[in-house]
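Chemist: I am attaching a structure below and will ask some questions about it afterwards.
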Amino acid sequence: MKRDPELNPYIPIPVRIARTVIENGARDIKTFDLVFPDQSLREHFDFACGQFAMLSVLGAGESPIGIASSPLDREFVQFTVKRYPHGMVTTALHNLEEGARIGLRGPFGRPFPLSEMEGSNVVIVGGGFAFTTLRSTIRYLLHEDNRSRYQDITVLYGARSPDELLYKTELQAWEKRDDIEVFLTVDKGEQDWSGRVGFVPAVLQDIAPSSKNAFVLLCGPPVMLKFTMVPLLKLGFPPERIITSLERRMSCGVGKCGRCNVGAKYVCKDGPVFSFDQIDELAEQII
């Protein structure tokens, strides 16, 4: 992450909503394409896959959101935001029209170790709305400048229903490629769904990706993470090569306010990306 030292990390950068895409039938998940009024500000916003930023709406506050676009998407930065019934910031964001201006702080946090993963197989396991930063990573890995740096790429992505799968057009494009293997599953199928039906941990055991020379990137709701770790360990993936992202209430983004601390760790600064062996050490303090 590079940032101009003259830019105050507490002061949001003004950005404009260039485009919004509704991702599901419930219309409570939207992807926002944000553009910068000055391209030099975009250059300062030099993020890596797995990082997050703080989005703010005047009068509503700000909220930490994972970055959904690839660092190589230079024209815009994307965020996929779920609107929560009592979420002031997410509701305010969803009510904004294209062309509206919001605030952006960041990027923050420790990213996925993609440099360390070069030359290895990559297994990506995601569930539900938490697929956003994994999508950022897949876009980065598949870019023509990067694809040759990694071996086999396997993606397993699950959602409650077919309608809740994000980035449907992109998923279809990935399924047609011969340099990535994509498995989609839903908890409950519908009449026109011809794909897999089953929870992510069960499907993972079924497809049984090889742990040889492989890293796993894992993101999803806590219950999915808990039950997915078991088959991953049984398949032989080393704990230090199982990489996940913690969600915890973050406020300042720079490890000063203490709202996201777990023992001596700050999720916003020391994370949100951790390996399973690191999380295992923090388990008692997280619980």
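The values are calculated or read from the model by the stated rules, or taken from the named source; none is laboratory data. In this text, all values refer to a predicted model and were calculated from it rather than measured experimentally. Don't worry about glycine lacking a Cβ; one is built from the backbone with ideal geometry, like all the others, and counts go over all protein chains shown.
Chemist: Can you confirm whether Phe76 is under 16 Å from Arg135 (Cβ atoms) and of a type in the set (A, V, I, L, M, F, W, C)?
Modeler: Numbers: under 16 Å from Arg135 (Cβ atoms): yes; of a type in the set (A, V, I, L, M, F, W, C): yes.
When the stated conditions are applied, Phe76 passes them.
Chemist: Restricting to the stretch 71-101, and then to whatever is out of contact with any helix residue (DSSP H, G or I) (no Cβ under 9 Å at 6 or more places or on another chain) and free of Cβ contacts under 8 Å to residues at least 24 places away in the same chain, can you tell me which residue is farthest from Phe32 (Cα to Cα)?
Modeler: Checked the stretch 71-101; the qualifying residue farthest from Phe32 (Cα to Cα) is His86.
Chemist: Answer with yes or no whether Trp193 is surrounded by 13 or more Cβ atoms within 10 Å (Cβ to Cβ) and either part of a strand (DSSP E or B) or more than 21 Å from the chain's Cα centre (by Cα) (or both). Let's see the steps before the verdict.
Modeler: On the way: surrounded by 13 or more Cβ atoms within 10 Å (Cβ to Cβ): yes; either part of a strand (DSSP E or B) or more than 21 Å from the chain's Cα centre (by Cα) (or both): yes.
Taking the combined requirement at face value, the residue satisfies it.
Chemist: Across the stretch 20-47, what is the total count of residues that are out of contact with any Ser or Thr (no Cβ under 7 Å at 6 or more places or on another chain), surrounded by 21 or more Cβ atoms within 10 Å (Cβ to Cβ) and at pLDDT 90 or above?
Modeler: Selection size over the stretch 20-47: 2.
Chemist: Please determine, by comparing only the residues of the stretch 74-86 that are touching a Ser or Thr at 6+ places or on another chain (Cβ under 9 Å) and over 11 Å from Asp28 (Cβ atoms), which one is surrounded by the fewest Cβ atoms within 10 Å (Cβ to Cβ).
Modeler: Filtering the stretch 74-86 for residues touching a Ser or Thr at 6+ places or on another chain (Cβ under 9 Å) gives 76-85.
Checking which are over 11 Å from Asp28 (Cβ atoms) leaves us with 76-80.
Values: Phe76: 16, Val77: 24, Gln78: 20, Phe79: 23, Thr80: 23.
Once the filter is applied, the top-ranked residue is Phe76.
Chemist: Among (1) assigned by TED's automatic domain parsing to the domain that holds Leu166; (2) in contact with a Gly (Cβ under 8 Å, 6 or more places away or on another chain), which single condition is Arg241 missing?
Modeler: (2) is the only condition that Arg241 fails.
The rows are residues; the columns are (1) closer than 29 Å to Ala26 by Cβ; (2) β-branched (Val, Ile, Thr); (3) free of Cβ contacts under 8 Å to residues at least 24 places away in the same chain; (4) in contact with a Leu (Cβ under 7 Å, 6 or more places away or on another chain).
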{"position": "Tyr150", "(1), (2), (3), (4)": "no, no, no, yes"}
{"position": "Ile153", "(1), (2), (3), (4)": "no, yes, no, yes"}
{"position": "Ser161", "(1), (2), (3), (4)": "yes, no, no, no"}
{"position": "Leu246", "(1), (2), (3), (4)": "yes, no, no, no"}
{"position": "Lys256", "(1), (2), (3), (4)": "no, no, yes, no"}
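Chemist: Since Lys212 meets every condition but one in (1) at pLDDT 95 or above; (2) of a type in the set (D, E, K, R); (3) under 21 Å from Ile22 (Cα atoms), which condition does it not meet?
Modeler: (3)
Chemist: Out of Lys176, Lys188, I need the residue that is farther than 19 Å from Ile243 by Cβ and modelled with pLDDT under 95. Which one? Explain how you work it out, then say what you get.
Modeler: On the way: Lys176 fails: modelled with pLDDT under 95.
Exactly one of Lys176, Lys188 is farther than 19 Å from Ile243 by Cβ and modelled with pLDDT under 95, namely Lys188.
Chemist: Take the residues of the stretch 202-228 that are more than 19 Å from the chain's Cα centre (by Cα) and closer than 18 Å to Leu165 by Cβ: which is surrounded by the most Cβ atoms within 10 Å (Cβ to Cβ)?
Modeler: Taking the candidates together, the pick is Leu204.
Chemist: Further question: Just checking, does the stretch 67-82 include any residue being farther than 29 Å from Leu141 by Cβ and in contact with a Lys or Arg (Cβ under 9 Å, 6 or more places away or on another chain)? Give the steps one after another, and end with the answer.
Modeler: Here is the first cut: in the stretch 67-82, the ones farther than 29 Å from Leu141 by Cβ are none.
No, the stretch 67-82 has no match at all.
Chemist: Select from the stretch 123-154 the residues that are crowded, with 24+ Cβ neighbours inside 10 Å and closer than 12 Å to Asp179 by Cα and list them in ascending order.
Modeler: Once the filter is applied, which keeps residues that are crowded, with 24+ Cβ neighbours inside 10 Å and closer than 12 Å to Asp179 by Cα, the stretch 123-154 yields only Ile138.
Chemist: Restricting to the stretch 153-198, give me the number of residues that are within 24 Å of Thr80 (Cα to Cα) and either in the same structural domain as Ala26 (by TED's automatic domain parsing) or hydroxyl-bearing (Ser, Thr, Tyr) (or both).
Modeler: Residues that pass the stated criteria total 6.
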